[in-house]
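Data first, discussion second: the structure below is written as C-alpha cells.
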Amino acid sequence: MELKIIDHATCTFCGCVCDDIQLHSDGQRIHKAEKACVLGKAWFLNHSAEKHYPDALIDGEPAKLADAISLAAELLHAADMPLVYGMSNTTCEAQKQCVAMADHLGGLLDSHTSL
Ligand code: SF4
C-alpha cells in the first residue's frame with residue numbers, strides 16, 4: 001500500500017485551525033497526521049467521507065431536518081439561559097451564526113476546547 005503524503009493540511013477540529021499538518025493517506029483513509037495534537041490526530045484518523053448518521057435526530061430517532069430545526073427553535077426559545085456549545089469542525093460563517101444566535105437568545109457561548 002502506497003501512502004500519499006499531503007503537506008500543510010489544515011485541521012478544523014477545535015477552531016485553532018493548525019495549518020501545518022502532514023497527512024499520510026492511501027486514498028481511502030488517513031493513516032497518519034503528523035504535527036497534529038491528540039484531538040487533531042483522533043479527528044483525522046477517524047474521519048470518513050462515508051455517511052454514518054441521518055441528517056437529524058429527534059429523541060434519538062431519525063427525523064426530517066426541517067422538523068428538527070423547528071423543535072430546536074422551540075426549545076431554545078423556551079430556555080432560560082441556553083448554552084450554544086461546540087462549533088468544532090464548523091466554518092467561520094457557521095461560528096458567526098452561533099455567536100449571533102447566543103446573543104439573540106441571551107444565552108451563553110462556549111467551544112468544546114473548554115474541556
Ligand atoms: S485539534 Fe489540535 S491539531 Fe487540530 S486545530 Fe486544534 S490544536 Fe490544531
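Filtering region 47-77 to residues that are over 24 Å from residue 101 (Cα atoms) and part of a helix (DSSP H, G or I) leaves nothing.
Does at least one position in region 57-70 carry a residue that is touching a Pro at 6+ places or on another chain (Cβ under 7 Å), away from the ligand (no atom under 16 Å from the Cβ) and not basic (Lys, Arg)? Looking through region 57-70, at least one residue is touching a Pro at 6+ places or on another chain (Cβ under 7 Å), away from the ligand (no atom under 16 Å from the Cβ) and not basic (Lys, Arg).
Evaluated against (1) part of a loop (DSSP other than H, G, I, E, B); (2) in contact with a helix residue (DSSP H, G or I) (Cβ under 8 Å, 6 or more places away or on another chain); (3) assigned by TED's automatic domain parsing to the domain that holds residue 98, residue 80 falls short on exactly one condition, (2).
Rundown of residues vs (1) exposed (fewer than 13 other Cβ atoms within 10 Å of the Cβ); (2) free of Cβ contacts under 8 Å to residues at least 12 places away in the same chain; (3) on the phi > 0 side of the Ramachandran plot; (4) within 12 Å of the ligand (Cβ to nearest atom), yes/no style:
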position: 27; (1), (2), (3), (4): yes, no, yes, no
position: 37; (1), (2), (3), (4): no, no, no, yes
position: 46; (1), (2), (3), (4): yes, yes, no, no
position: 50; (1), (2), (3), (4): yes, yes, no, no
position: 81; (1), (2), (3), (4): yes, no, no, no
position: 100; (1), (2), (3), (4): yes, yes, no, no
position: 110; (1), (2), (3), (4): no, no, no, no
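Only one of the numbered conditions (1) within 16 Å of the ligand (Cβ to nearest atom); (2) surrounded by 11 or more Cβ atoms within 10 Å (Cβ to Cβ); (3) closer than 29 Å to residue 4 by Cα is not met by residue 87, and that is (3).
Against the condition within 20 Å of the chain's Cα centre (by Cα) and modelled with pLDDT of 95 or more, how does residue 36 come out, does it pass? In short, yes. The set of residues in region 6-25 being surrounded by 11 or more Cβ atoms within 10 Å (Cβ to Cβ) and more than 14 Å from the ligand (Cβ to nearest atom) consists of 6, 24, 25.
The values are calculated or read from the model by the stated rules, or taken from the named source; none is laboratory data. Keep in mind that this is a model prediction, so the values were computed, not measured. Glycine gets a Cβ as well: all are built from the backbone with ideal geometry, and neighbour counts include every protein chain shown.
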